[in-house]
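The structure under discussion appears below in the form of structure tokens.
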């Protein structure tokens, strides 16, 4: 299995950068790496001009670095069986994978084999929407999985597999709502002590216009101080 590991989609999220460094120090056959946003990495910030992971599908002819780079990353992704895009979050208990609506079913098996049993389907303008072979890996900073060596060994094993037959026990969700700072202030959400993947009250869901049981993610994440968090709903 040919794998591409992406680090630095957001320049201040360290796990992906450490993954790239480790693989370059100890190369593995069938595993290649790329730093997505080198200028943001050098500046130690999420992004400079615009969020790279909101710039897809990009534009190869654009003068915008992010638009051009997004186009380059999508072209690169087509040469691989699986693309693993690493991210961090300050929010505890938030380890999960993100895929797009048109994701290859293989990604669900890959996620489970890598130890991620929660997958969120996202339809907004991120790499997953346009690269059906891309699994974005979200890891909480305080988690035992926030260690490059753990992922190195798991990816090393994955890269040796030519095929696999598994029945992944996956909790599947869909991203449905982005909680704004205005939502937080208007509804006093900050006082409700929301926790990742624990359902919010029906009353709060109703006020936010969500009709199904909803579960918060990225609550008060310091990486995204311009949003308060997100909501997902379970899929059968």
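Bear in mind that the values in this text are calculations on the coordinates, not laboratory data. These numbers were taken from a predicted model, which means no experiment stands behind them. Reconstructed Cβ throughout: ideal geometry from the backbone, glycine too, with neighbour counts over all protein chains shown.
Annotations
- Cα gyration tensor, segment 1-117 - rounded (a/c under 1.5), prolate or oblate: rounded
- Ratio of the Cα radius of gyration of the chain to 2.2 N^0.38 Å, where N counts its residues: 1.00
- Relative contact order (%) - criterion: Cα under 8 Å, at least six apart; region: segment 176-234: 43
- Cα-only Debye scattering, segment 107-236: base-10 log of I(q)/I(0) at q = 0.10, 0.18 Å⁻¹: -0.39, -1.10
- Eigen-decomposition of the gyration tensor built on the alpha-carbon atoms of segment 176-234 gives equivalent ellipsoid semi-axes of 16, 12, 10 angstrom, largest listed first.
- Spin-label model distance (nm) - residue 174 vs residue 147, 7 Å beyond Cα toward Cβ: 3.8
- Cα-projected label distance for residue 93 with residue 166, points at 7 Å along beta-carbon direction, nm: 2.4
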